[in-house]
Amino acid sequence: MTRTVNCPVCQKPVEWSAEKSPFRPFCSERCRLIDLGDWASENHAIPGEPVPPDMPDDKNEEPQ
Ligand SMILES: [Zn+2]
């Protein structure tokens with residue numbers, strides 16, 4: 001009988017099998033890294049511009 005869990009990161013069903021799901025309970029290494037917080041580190045720099053928190057941006061500006 002196969003047990004299935006949901007990936008804590010993306011909620012995708014993951015088969016609880018050492019052979020088929022070496023990254024369980026995550027569906028993939030990517031999700032595992034995300035959960036570990038590695039995703040936010042510079043080890044996995046996302047192509048594109050980082051958004052500085054204090055940077056004014058017309059597109060995101062909301063009237064108050
Ligand atoms: Zn996942």
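The values are calculated or read from the model by the stated rules, or taken from the named source; none is laboratory data. This is a predicted model, so every value here is computed, not measured. Note: ideal-geometry Cβ built from the backbone for every residue, glycine included; neighbour counts use all protein chains shown.
Observations on the structure shown:
- Output for region 1-12, where each listed residue is modelled with pLDDT of 95 or more and over 19 Å from Leu36 (Cα atoms): Thr4
- Among the conditions (1) part of a loop (DSSP other than H, G, I, E, B); (2) surrounded by 13 or more Cβ atoms within 10 Å (Cβ to Cβ); (3) at pLDDT below 70, the only one that Trp39 does not satisfy is (1).
- Inter-residue pairs, beta-carbon under 6 Å, first in contact (Cβ under 8 Å) with a residue 12 or more places away in the chain and in region 1-26, second among the small types (Gly, Ala, Ser) and within 13 Å of the ligand (Cβ to nearest atom), 6+ apart: Val14/Ser21; Glu15/Ser21
- Within region 1-36, the residues that satisfy the criterion of being near the ligand (Cβ under 8 Å from one of its atoms) and in a loop (DSSP other than H, G, I, E, B) are Cys7, Pro8, Val9, Cys10, Gln11, Lys12, Phe26, Cys27, Ser28.
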